[in-house]
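Worksheet for the structure shown next.
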Amino acid sequence: MFESDETVVIRLGHRPGRDERTTTHVGLTARAFGADRIVIPEAASSTRSTIEDVTARFGGPFSVEQAGDPVQWLAGWDDPIVHLTMYGLPVEEMVPDIRAQCAGGRLAVVVGGGKVSRDVFEQATWNVGVTNQPHSEIAALAVFLDRLHGTDLGDRVFEGAEEVVIPSASGKRVTSETEGE
C-alpha cells in the first residue's frame with residue numbers, strides 16, 4: 001500500500017457550461033480513490049460546492065482548492081509531479097518508481113482538460129500513460145490512483161460521514177451514521 005503525506009490532484013482547464021460534470025467527476029474520483037485534495041480552476045465554483053457537499057455527506061478528509069491558473073499553481077509545487085497523458089510511459093512500469101520516490105512525501109497528480117501546455121510535460125517528474133489511446137481523464141485518474149495505492153479501496157474509512165452506503169446485491173441502501181447511536 002502507498003502512503004504519502006499528501007496526494008493532490010490538479011485539474012487543468014475548465015470550460016464553464018461544458019466541463020462542470022467532468023471536473024466534478026475528477027474531484028469525486030480523486031476523493032474516492034485516495035487523494036487528499038484537488039486544485040481546480042476558479043471558473044469551476046459550482047463544481048467546488050458539489051464536491052464539498054459529497055465530502056460532507058459521505059466523509060473525508062478531502063478538500064477543494066481553487067486557483068486562478070492551475071498551471072501557475074503547479075509551477076510553485078516543489079515535490080514530484082505525475083502528469084497523466086496518453087503520450088506517457090506505461091503506468092505499470094512507472095508506478096514502482098513513483099511509490100519508491102514519493103513514499104512518505106507529497107505527490108501532485110495532473111489531469112488535463114483540453115490542450116495541455118508543453119510546460120506541464122517538462123515540469124512533470126513522470127509523464128504517465130494509462131493507455132496510449134484517447135480516453136477520459138476521469139478513467140486515467142481512477143486507474144492510476146488504484147494502481148498507486150494497490151489496496152482494497154472498499155476498506156478505506158471516510159471520517160465524519162453523515163451517510164454510509166451499505167453494499168447490496170440489488171437496490172440502494174444508505175444509512176445515516178446517527179441511526180446506530
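Derivation of every value follows stated rules applied to the coordinates shown; laboratory data play no part. Small disclaimer: the values here were computed from a predicted structure and weren't measured. Cβ: placed from backbone, ideal geometry, glycine included. Neighbour counts: every protein chain shown.
Structural remarks
- Along its first, second and third principal axes, ordered by size, the chain spans 53, 37, 30 Å in Cα coordinates.
- Rel. contact order, % - alpha carbon contacts under 8 angstrom, at least six apart, the chain: 29
- The residue list Leu28, Val110, Ser170 was ranked by how far each Cα lies along the charge dipole of segment 6-180 toward its positive end, using unit charges on Cβ atoms, and Ser170 comes out on top.
- Neighbour-count order for Arg21, Arg118, fewest beta carbons within 10 angstrom listed first: Arg118, Arg21
- Where labels lie 7 Å past Cα in the beta-carbon direction, separation of Glu93 and Arg118 in nm: 2.4
- Each of Gly160, Ala139, Gly59 was scored by the projection of its Cα onto the charge dipole of the chain, and the greatest displacement toward the positive side belongs to Ala139; charges sit on the C-beta of Lys, Arg, Asp and Glu.
- Scanning residues 5 or more positions from Gly88 or on other chains, those with amide H under 5 Å from its amide H are Gly129, with H placed 1.01 Å from N in the peptide plane.
- Cα pair distances in segment 1-103, grouped into 10 Å bins until the bin that holds the longest one, percent each: 14, 44, 35, 8, 0
- Phi-derived couplings, Karplus 6.51 cos²θ - 1.76 cosθ + 1.60 at θ = phi - 60°, listed residue by residue for segment 86-91: 5, 8, x, 6, x, 3 Hz, with x used for Gly and Pro.
- Antiparallel %, DSSP beta bridges [both residues in the chain], to 5: 15
- A Förster radius of 35 Å combined with the Cβ-Cβ distance from Leu153 to Arg18 puts the calculated FRET efficiency at roughly 0.75.
- FRET efficiency estimate (nearest 0.05) - Cβ-Cβ, Ala100 to Glu162, R0 45 angstrom: 0.75
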